[in-house]
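Presented below is the structure to which this report refers.
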Amino acid sequence: VVRGPFVIQPHAPYVVTPGDQFEIGALVANNVEGSGEDAEVHVSLETCPALELQGSGDQIAEISERSEKSIAFQVKVKPLLGPCAFVFTAQSGEVKSSYRLDLSVRPDQPYMTSVTSRYAKKGYFNGNAVELPVEREMYPEMRMLEASASVAPLGLLSGFVHYLESYPHGCSEQIVS
């Protein structure tokens, strides 16, 4: 947005990880005609459920007509993965402008598939159980657990095929590597 009563230029990362703490800022320009020197501008930030404001989401800034000022809010990322939108709003009297920006909350580890195998002696499955513990922490939004049993090692192949089918980067060089 380059024209309007308020021009809002946000500054925020595109990707964050649960536990991150950072500053979301915006440069707010006051283009309200007749607002004068040191006009009182109410600037607010609304966030998605994945972000937690550290302090108030509202600030009052004195921004003279045809001037601009930088506003900052401290934010902490909660353990919720997925897209996240936040909205800056600047208002003086009845005049108001808003700007929406999106970011992505992603795990701090690469996408990976773990294949764990166990074997059982003949007759072992008659009332017995074989445990396959999951030894790493995973986010429920991205986790997929699957088990299969086979009398041949070919049973492991389904895990590798699934990894290649659902790899998030479509570049053939990355899939091959």
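The values are calculated or read from the model by the stated rules, or taken from the named source; none is laboratory data. Quick caveat, the model's predicted, so the values are computed rather than measured. Here the Cβ positions follow ideal geometry from the backbone for every residue, glycine too, while neighbour counts run over all protein chains shown. Accessible surface is based on the protein model in full, side chains and every heavy atom, while ligands, DNA and RNA are left aside. Shrake-Rupley method; radii C 1.70, N 1.55, O 1.52, S 1.80 Å.
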*segment 27-155 - percent of accessible surface contributed by carbon and sulfur, probe 1.4 Å*: 48 percent
*Theoretical ellipticity at 222 nm over the chain - DSSP helices of four or more residues, -39500 (n - 2.57) apiece, nearest 500*: -2000 deg cm²/dmol
*Using just the alpha carbons, could you tell me how many Å³ per residue the convex hull of the chain encloses?*
154 Å³
_Cα convex hull of segment 11-55, projected area averaged across orientations, nm²_ = 4.4 nm²
*Would you work out which of MET142, GLN59, LEU80 lies farthest towards the positive end of the dipole of the chain? Charges go on Cβ: Lys and Arg +1, Asp and Glu -1.*
MET142
*Go through MET112, MET142 and list them by solvent-accessible area, largest first, probe radius 1.4 Å.*
MET142, MET112
*Plugging the Kirkwood radius over Cα pairs into Stokes-Einstein for segment 20-111, at a temperature of 20 °C and a viscosity of 1.002 mPa s, what D comes out in µm²/s?*
150 µm²/s
*Charge dipole magnitude, Cβ of K and R +1, D and E -1 - the chain, Cα centre, debye nearest 20*: 1100 debye
*Longest span of the chain, sites excluded, free of chymotrypsin sites (Phe, Trp or Tyr not before Pro) in DSSP loop with at most 14 other C-beta atoms within 10 Å?*
15-110
*Top of VAL16, VAL151, VAL161 by mean-square fluctuation, Gaussian network on the chain, Cα under 10 Å*: VAL151
*Can you work out the accessible area per residue across the chain, with the rest of the protein chains kept in place, probe 1.4 Å, in square angstrom?*
69 Å²
